[in-house]
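Student: Let me begin by handing over the structure; questions about it come next.
Please treat every number below as a calculation from the coordinates, not as lab data. Everything numeric here is computed off the predicted structure, so don't read it as measured data. Note that each Cβ is placed from the backbone with ideal geometry, even for glycine, and that neighbours are counted across all protein chains shown.
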Ligand SMILES: *Cc1c(COP(=O)(O)O)cnc(C)c1O
């Protein structure tokens, strides 16, 4: 496979951009080698600077549930861009977006748009602290909630694969207000509330984790979090930046029947443009400026192009939800089970965690339910597996702690081709 043009771009990139990338996990540090530069994408496929084509399982790290350059999204954007790209004044699209989100996620009575998931979680934490008058936040080991200071503590994939336990520049005083406990550990959560209950403003959680690889909540774990937060007067914050509109049209909260106080969204709701949002109960959200005293703002928040791309995506998901989500799940299950069968044939121990259109291949014989078990994956084997797939035209997430995403543009043919590549890749790494 030719890589000259990507290599040349990367040489130029590292001179002018830290590590050559604008977000660390793109840099292939966890898998070795150099990133490939993409110049276009359509449906389930990416094309790189050297003209190579790949079946894409990164999906821009989650947003591209409809596949790339969906014709309806492209058409809507083309129309929108002619009307100007940003006004800094209210638009009808923001109202329609808020209504669209609200009718899919009934725990959200009011919603505020942001430009990224990071801004959404950061603002949700500020709001939780403001309305409770408390300091401490509980998060779970291996969950990632963006890179705001308070949340950059044992934060999963990007940080874990770079081997940074924490980040320099995050004040220890601030990090100390974040209590970190293992995912799926009800006992630790109970204990934490026993000791710190009066100080806890909120519990933030990825209800289905995407950022230590795909890890599912054990039965009862999320309802325990709901029960404890309610009993102790803390807010339950669902970080559905990945899972919102991904694990189902009603998100993880719909799937598990839990009503969080606040929900953070991002990724899919921007249809591939920069976006985030947080919303929840009316009496919490009305504390935000200008209705209330809690300051939160954004020059480009609710940007018309992001709203149009996101709205078009959400409307397609609503229209097609009864066929689209089952089909995604069917394809993903086929892929996950196919990988497990091939691995068994090759004598390679794997755990393939999957839910809806999310999946992760862990090279371990342990059940993966939290960060400790996720970290038992054989990273060297993953590296070889990743490159063996890339050579065969499969663009898998370049980290053992990421989730692969299947899109609505993937079909049986792509899954078949992927399984062929997986078969050969697994033989290579056996
Ligand atoms: C991606 C992600 C974020 C951060 O969103 P950005 O738009 O990258 O800032 C927050 N939480 C979760 C669960 C995410 O996957």
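Student: Sorted by mean Cβ packing within 10 Å, highest first, what order do the peptides 318-324, 422-428, 345-351 take?
Tutor: Packing proxy ranking, top to bottom: 422-428, 345-351, 318-324.
Student: Any chance you could list the semi-axes, whole Å, largest first, of the equivalent ellipsoid that the Cα gyration tensor gives for segment 252-381, using √(5λ)?
Tutor: That gives 37, 20, 15 Å for the three semi-axes.
Student: Using only the alpha carbon atoms of segment 1-151, find the Kirkwood hydrodynamic radius as the inverse mean reciprocal pair distance, in angstroms to one decimal.
Tutor: It works out to 19.3 Å.
Student: State the Cα centre-to-centre distance between segment 29-72 and segment 173-242 in whole Å.
Tutor: Cα centroid to Cα centroid, the span is 33 Å.
Student: I'd like to compare 10-21, 218-229, 252-263: which one has the highest average count of other Cβ atoms within 10 Å, and what's the full order after that?
Tutor: By packing density, highest mean first, the sequence is 252-263, 218-229, 10-21.
Student: Just to verify a number: FRET efficiency for residue 102 and residue 391, C-beta to C-beta distance, R0 = 56 Å, to 0.05?
Tutor: Calculated value: 0.75.
Student: If you stretched the chain out fully between residue 376 and residue 413, how much longer would it get, using 0.36 nm times the residue separation minus the C-alpha to C-alpha distance?
Tutor: Length gained, residue 376 through residue 413: 10.1 nm.
Student: Kindly identify segment 326-430 as rounded, prolate or oblate by the Cα gyration tensor criterion: order the square roots of the eigenvalues as a ≥ b ≥ c, call it rounded if a/c is under 1.5, otherwise compare a/b with b/c, prolate if a/b is larger, else oblate.
Tutor: Oblate is the answer for segment 326-430, as a/c is 1.5 or above yet b/c matches or exceeds a/b.
Student: For the chain, compute the orientation-averaged projected area of the C-alpha convex hull (one quarter of its surface), in nm².
Tutor: Taking a quarter of the hull surface, the average projection is 19.8 nm².
Student: For a protection proxy built on the mean count of beta-carbon atoms within 10 angstrom, sort 72-79, 39-46, 113-120 highest first, please.
Tutor: For the peptides 72-79, 39-46, 113-120, the packing ranking is 113-120, 39-46, 72-79.
Student: Another one. Restricting things to alpha carbons, tell me how big segment 71-315 is in terms of Rg and Dmax, in Å.
Tutor: 17.6, 57
Student: Would you calculate, for the chain, the mean residue ellipticity at 222 nm contributed by helices, counting each DSSP H stretch of 4 or more residues as -39,500 (n - 2.57) and dividing by all residues, to the nearest 500?
Tutor: -12500 deg cm²/dmol
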